[in-house]
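Take a look at the structure below.
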Amino acid sequence: SATESDKPAMTDRLNKQASELLELEAIEYADRTEKYPTDRGLKYQLGDVAFRRGDLPTAMECFQKAKDEPKLRVMSGHYLGKCFAQEEWHSEAVAEYKEVLESIDASNKEQELEIRYDLMISLIAHARSERDVQLAKEALEICSWIARKDISYRDIRDRRKEIDQLTREIA
């Protein structure tokens with residue numbers, strides 16, 4: 001069995017292999033999307049791999065194209081919002097999440113909580129950067145909605161305290 005001293009080396013090897021696998025996936029999906037440029041499902045797959053690799057420009061472009069496919073609209077839009085959030089383009093992230101929430105129906109209802117949570121996170125960041133109490137209040141409304149649905153969801157209790165603190169700082 002592996003000893004404690006082997007763990008860092010094993011972790012490094014595992015990370016290296018995971019990175020190499022992502023690289024191969026990226027090459028494979030890039031090749032496929034080149035052969036089938038109108039296949040939105042492939043665009044989504046390439047966007048997913050690009051997002052996991054941290055290649056946000058490629059991911060954003062792919063998710064924007066994949067959004068045209070009705071069955072991929074919610075997932076692609078959610079990912080696109082996450083891309084904008086990682087770029088710290090908070091107003092774009094907020095707009096994207098809101099647009100996605102309007103597209104939610106019975107087939108993707110289970111994603112609503114996660115999308116609202118990500119919207120709340122972007123609203124908090126946007127409120128903080130703009131020193132805008134209205135954005136903080138909007139984040140609080142979403143936080144409250146999530147807490148009423150599922151008080152144990154992620155770190156919702158801590159987020160509630162964070163929004164209260166932020167609102168006091170701004171006001």
Problem set entry | Hey, GLU61 farther than 27 Å from SER107 by Cα, among the acidic types (Asp, Glu) and in a helix (DSSP H, G or I) or not | no
Problem set entry | Within segment 17-38, tally of residues that are part of a loop (DSSP other than H, G, I, E, B) and of a type outside the set (S, T, N, Q) | 2
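Condition check: touching a Leu at 6+ places or on another chain (Cβ under 8 Å), free of Cβ contacts under 8 Å to residues at least 60 places away in the same chain, buried (at least 19 other Cβ atoms within 10 Å of the Cβ) and part of a helix (DSSP H, G or I). Does ALA136 satisfy that? Full working, then the answer.
Details: touching a Leu at 6+ places or on another chain (Cβ under 8 Å): yes; free of Cβ contacts under 8 Å to residues at least 60 places away in the same chain: yes; buried (at least 19 other Cβ atoms within 10 Å of the Cβ): yes; part of a helix (DSSP H, G or I): yes.
Yes; evaluated as a whole, the condition is true for this residue.
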For this session: Give the residues of segment 95-125 that are over 15 Å from MET75 (Cα atoms) and in contact with a Ser or Thr (Cβ under 9 Å, 6 or more places away or on another chain), sorted by residue number.
Result: SER122
Problem set entry | Subset of segment 99-128 [more than 18 Å from GLU162 (Cα to Cα), touching a His at 6+ places or on another chain (Cβ under 9 Å) and surrounded by fewer than 19 Cβ atoms within 10 Å (Cβ to Cβ)] | GLN111, GLU114
Seminar exercise, completed: Residues of segment 70-98 being loosely packed, with under 15 Cβ neighbours inside 10 Å and among the acidic types (Asp, Glu), in sequence order, are GLU87, GLU88
Exercise. Could you say whether any residue in segment 84-97 is at pLDDT below 95 and of a type in the set (Gly, Ala, Ser)?
Worked result: no
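Given the residues LEU42, LEU80, LEU14, which is the only one that is out of contact with any helix residue (DSSP H, G or I) (no Cβ under 9 Å at 6 or more places or on another chain), aliphatic (A, V, I, L, M), without any contact (Cβ under 8 Å) to a residue 24 or more places away in the chain and in a helix (DSSP H, G or I)? Spell out the reasoning first.
Working: LEU42 fails: out of contact with any helix residue (DSSP H, G or I) (no Cβ under 9 Å at 6 or more places or on another chain); LEU80 fails: out of contact with any helix residue (DSSP H, G or I) (no Cβ under 9 Å at 6 or more places or on another chain).
Going through LEU42, LEU80, LEU14 in turn, just one is out of contact with any helix residue (DSSP H, G or I) (no Cβ under 9 Å at 6 or more places or on another chain), aliphatic (A, V, I, L, M), without any contact (Cβ under 8 Å) to a residue 24 or more places away in the chain and in a helix (DSSP H, G or I): LEU14.
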For this session: Kindly list, by first and then second residue, each pair from a residue in segment 118-133 that is under 17 Å from SER144 (Cα atoms) to a residue that is among the hydroxyl-bearing types (Ser, Thr, Tyr) and surrounded by 21 or more Cβ atoms within 10 Å (Cβ to Cβ), limited to pairs with Cβ atoms under 8 Å and residues at least 6 apart or on different chains.
Result: ASP118/TYR97; LEU119/TYR97; SER122/TYR97
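The values are calculated or read from the model by the stated rules, or taken from the named source; none is laboratory data. What you see is a predicted model; the values in this text were computed from it and never measured. No Cβ is skipped: glycine too gets one built from the backbone with ideal geometry, and neighbour counts run over all protein chains shown.
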